[in-house]
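Let me begin by presenting the structure, written as C-alpha cells, before commenting on it.
The numbers here are math on the coordinates, done by the rules we state, and not lab data. All values reported here derive from a predicted model rather than from experimental measurement. Note that we place each Cβ from the backbone using ideal geometry, even for glycine, and neighbour counts take in every protein chain shown.
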Amino acid sequence: MLKRIVPILRIFDENKAREFYLEYLGFQLDWEHRFEPDMPLYMQISLDSIVIHLSEHHGDCTPGAALRVETDNLDALHGALRQKEYKNARPGIEETPWNSREMTVTDPFGNRIIFVETSAE
C-alpha cells in the first residue's frame, strides 16, 4: 500500500536553495509552483531515487530538519562535493560507533542531509 516518503524542507531564499541543492549537491529541478509571481516558491527536486520538496511557505514545515540518505559510495560522493569548492561547506566523513560512515551537509536554512554508508557484515 505505501510507496515512498517525500520530505518537505523549509527554505527562505530561492537563489540560495538553487545554489545549494542544484549546483552543489547536483539535484535536478523537476517542477516548481507559485500561486502568483510574488508568492512563495514550492518545488520538487530529485537525484537518483531521492525526491525532496522545498517550500518557502511558512506553514509547510519547520527549518532544522534532518534527512538520512543511504549511499553505496560515500567516497565518490564526498570527492565530487569537495571538487565543487562550495564556499559554505567542506564536509568530511565520520566513522560512527554504530558501524556506518557518514557525511553531513547543512543547507543555508539549517536543514541537515546525512549521507550514510553502512558496513556490510
- Cα long-axis angle, helix 74-84 against the chain (0 to 90 degrees, to the nearest 10): 50 degrees
- By a straight-distance test (C-alpha under 18 Å), which aspartates and glutamates pair with Lys3 as possible cross-link partners, with residues fewer than eight away in the same chain excluded? Asp48, Glu70
- Message: Could you give the length gained by full extension between Glu70 and Thr106, i.e. 0.36 nm per residue of separation minus their alpha carbon distance, to one decimal place?
- Response: 11.3 nm
- Relative contact order [Cα under 8 Å, 6+ residues apart], the chain, whole percent: 25 percent
- Using Cα positions and a limit of under 21 Å, work out the lysines in reach of Lys16, with same-chain residues fewer than 8 apart set aside. Lys84, Lys87
- Message: Can you give the log10 of the normalised intensity I(q)/I(0) at q = 0.14, 0.19, 0.23 Å⁻¹, computed with Debye over equal Cα scatterers of the chain?
- Response: -0.63, -1.10, -1.46
- Tell me, what is the percent relative contact order of segment 12-51, built from C-alpha pairs under 8 Å that lie six or more residues apart? 32 percent
- Message: Which of Leu22, Leu74 has the fewest other C-beta atoms within 10 Å, and how do the rest follow up to the most?
- Response: Leu22, Leu74
- Task: Round to a whole angstrom and tell me the spacing of the C-alpha centers of segment 57-79 and segment 100-121.
- Result: 7 Å
- Note on the structure: Those chymotrypsin sites (Phe, Trp or Tyr not before Pro) from segment 27-121 that are DSSP loop and have at most 10 other Cβ neighbours within 10 Å turn out to be Phe35, Trp98
